[in-house]
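Okay, structure first, notes after.
The values are calculated or read from the model by the stated rules, or taken from the named source; none is laboratory data. Fair warning: this is a prediction, and the values are worked out from it, not measured in the lab. When the accessible area is computed, the model is the full protein with side chains, heavy atoms only, and any ligands, DNA or RNA have been set aside. Shrake-Rupley method; radii C 1.70, N 1.55, O 1.52, S 1.80 Å.
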Amino acid sequence: MKNLDKGTVIRTVLLFVALVNQTLIMFGKSALPISEDQVNTLADALYLAGSTIFTIVTTLVAWFKNNYVTSKGKLQKETLKQKGLTK
């Protein structure tokens with residue numbers, strides 16, 4: 001993971017967390033340690049909606065951002081940097 005930029009790592013980690021969370025929800029598990037007695041219908045619906053929105057937003061950000069993780073992408077990034085075309 002040498003030479004990966006910080007944004008790529010952060011987006012990848014957040015996407016992984018979002019996908020694990022959605023997988024847990026699909027199997028009826030909660031990522032938060034809340035017992036069934038503590039959860040009412042509204043809170044459960046809000047948690048599900050929030051988790052879904054988090055997953056969608058994280059996925060879209062990871063998809064739209066140019067993540068230089070392949071050999072070709074790293075070469076592109078280096079070329080752009082040499083020509084002063086990146087931040």
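Table for the structure above
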item: Breaking point among (1) over 25 Å from Lys74 (Cα atoms); (2) aliphatic (A, V, I, L, M); (3) modelled with pLDDT of 85 or more, for Ile25; result: (3)
item: Candidate set from segment 13-28 (those that are part of a helix (DSSP H, G or I) and not hydrophobic (A, V, I, L, M, F, W, C)); member that is farthest from Asp44 (Cα to Cα); result: Thr23
item: Hey, Gly7 under 21 Å from the mean Cα position of the chain (by Cα) and modelled with pLDDT of 80 or more or not; result: yes
item: Selection from segment 42-87 of residues that are in a helix (DSSP H, G or I), open to solvent by 70 Å² or more (accessible area, probe 1.4 Å) and among the polar types (S, T, N, Q); result: Ser71, Gln76, Gln82
